[in-house]
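For reference, the structure discussed in these notes is given below.
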Amino acid sequence: MRLAVVYPSAAWSTRDVATGYAKALGQLGHEVLKIDLWQAACRAAGVTQPAHYARAMAPEARRAALKEALAALRGHPLDWMVAVHGRDLPPDLPDDLRKRGTRSALLLTDEPYELELSRAYAKGYDLVVTNDPATLDAHRAAHPNAQYLPLGFDPGAMRPDPGAAPAYDLAFVGTWFKERVRFFEALWPTLSGRSCLLAGYWFKPGDRVPEEDLPGDSPLREHVKPMIIWPSELCRVYQRTRVSLNLHRGSLWHANPGAVQARGVNPRLFEIAGCGAFQMADARDEVRRCFAEDEVVTFHDAGDCARRIGEWLAPGREADRRATAERALRRALAEHTYAHRAGSLLRWMG
């Protein structure tokens, strides 16, 4: 088939999802046109660095990027368009493409946090795929062809390095949220004296995280590295970490007024496993559906997490961590790559 994969506009949000699907669909023998809204916006704004994110997301740059994307979609003979996230695209685009003989699939990546918005702009697509089973019924009530599919990982980007020397006892990479600040502040006494990394889009003083949310006396301030972690860097972090922590987001966010409780898992679950790293994740049914108890360790709250960190970082547990990580890696390669996800997507596209 001739497919177009439309990347979202955010540089570090779900770009890896679009990249993983585009690569997997190509490897499965399909002709794939990559339409990258973020790169188009950067070209329009004349910028190349992540530090210039605001300029590339300015209205004029985004309009130029969308114009370029629409011209590409309308200028190529396509069987399907696969839009990742999709919020930046006009709601009438699926109908316009259908008139040209192109069907469209929408891969949602931020459910249930954007459920109110996504239900509205998903209606015109021929296929809607949600990343969280908690929102499947809501989408099926509004759409005749909605499915659930977890995210995954690209084994070409996330892979083991058995020779990597440990640099951190514990690492967490992710975006700042209030509940994460509270969690790590409660956990911090347990981590005293250990080498730790908290990284990702956490804070710019006075901007992303106000003083009242991460005060100057917070023990986290000297350990948080507010940086964008690209996939190659992320892989290196996990390869060199004894315990990689995976903490899912809460459920209340800007477009989830019904407070639908999140049940889905993030791509970190699969990426950490794909790097051959030992992982501890907060307990969710979907975590256990994807990985067995002897593959990914789970915890229920900060106290439980602290206890388990102490157990798994105890002297003499290195071989146990390595064996657990190796089992998770085998499971990830056997069931959770983007090639597996693309196979399910193609069956539904049928």
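The values are calculated or read from the model by the stated rules, or taken from the named source; none is laboratory data. Quantities reported herein were computed from a predicted structural model and do not represent experimental measurements. Please note: Cβ atoms are built from the backbone with ideal geometry, for glycine as well, and neighbour counts cover all protein chains shown. For accessibility, only protein heavy atoms count, side chains too; no ligands or nucleic acids. Shrake-Rupley method; radii C 1.70, N 1.55, O 1.52, S 1.80 Å.
Here are a few things to note about the model shown:
- Just one of the numbered conditions (1) of a type in the set (S, T, N, Q); (2) open to solvent by 10 Å² or more (accessible area, probe 1.4 Å); (3) in a helix (DSSP H, G or I) is not true of Thr175: (3).
- Note on segment 178-199: residues that are open to solvent by 60 Å² or more (accessible area, probe 1.4 Å) and within 14 Å of Arg249 (Cβ to Cβ) amount to 3.
- Filtered residues of segment 273-326 (kept if surrounded by 12 or more Cβ atoms within 10 Å (Cβ to Cβ), outside any loop (DSSP other than H, G, I, E, B) and among the acidic types (Asp, Glu)): Asp282, Glu286, Asp304, Glu318, Asp320, Glu326
- Within segment 297-350, being within 27 Å of Val5 (Cα to Cα), of a type in the set (Gly, Ala, Ser) and at pLDDT 95 or above holds for Ala332, Ala334, Ala339, Ala342, Gly343, Ser344.
- Ala120 assigned to a helix (DSSP H, G or I), among the aliphatic types (A, V, I, L, M), open to solvent by 40 Å² or more (accessible area, probe 1.4 Å) and at pLDDT below 95: yes
Residues are listed down the side, and each one gets a yes or a no for (1) among the small types (Gly, Ala, Ser); (2) open to solvent by less than 10 Å² (accessible area, probe 1.4 Å); (3) in contact with a Phe, Trp or Tyr (Cβ under 9 Å, 6 or more places away or on another chain); (4) farther than 20 Å from Arg103 by Cβ:
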position: Val6; (1), (2), (3), (4): no, yes, no, no
position: Gly29; (1), (2), (3), (4): yes, no, no, no
position: Gln39; (1), (2), (3), (4): no, no, yes, yes
position: Arg43; (1), (2), (3), (4): no, no, no, yes
position: Ala54; (1), (2), (3), (4): yes, no, no, yes
position: Lys67; (1), (2), (3), (4): no, no, no, yes
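- Remark: Lys34 falls outside the filter, which requires a residue to be modelled with pLDDT of 95 or more, outside any strand (DSSP E or B) and open to solvent by 40 Å² or more (accessible area, probe 1.4 Å).
- Comparison of Asp126, Asp95, Asp110 shows that the only residue that is farther than 30 Å from Phe278 by Cβ and surrounded by 18 or more Cβ atoms within 10 Å (Cβ to Cβ) is Asp126.
- In segment 19-35, the residues that are among the hydrophobic types (A, V, I, L, M, F, W, C) form Cβ pairs under 9 Å with partners that are assigned to a loop (DSSP other than H, G, I, E, B), at six or more places apart or across chains, as follows: Ala24/Gly152; Ala24/Asp154; Leu25/Met1; Leu33/His76; Leu33/Leu78.
- Yes/no for Ala71 being open to solvent by 30 Å² or more (accessible area, probe 1.4 Å) and either of a type outside the set (Gly, Ala, Ser) or more than 25 Å from the chain's Cα centre (by Cα) (or both): yes
- Candidate set from segment 157-172 (those that are out of contact with any helix residue (DSSP H, G or I) (no Cβ under 7 Å at 6 or more places or on another chain) and either assigned to a loop (DSSP other than H, G, I, E, B) or not aromatic (Phe, Trp, Tyr) (or both)); member that is surrounded by the most Cβ atoms within 10 Å (Cβ to Cβ): Asp169
- Neighbours by Cβ (under 6 Å, 6+ apart or cross-chain): first from segment 226-242, modelled with pLDDT of 90 or more; second open to solvent by 60 Å² or more (accessible area, probe 1.4 Å): Gln239/Asp161; Arg240/Pro166; Arg242/Pro166
- Across segment 327-350, the qualifying residues are those that are in a helix (DSSP H, G or I) and of a type in the set (Ser, Thr, Tyr), and the one among them that is farthest from Gln27 (Cα to Cα) is Ser344.
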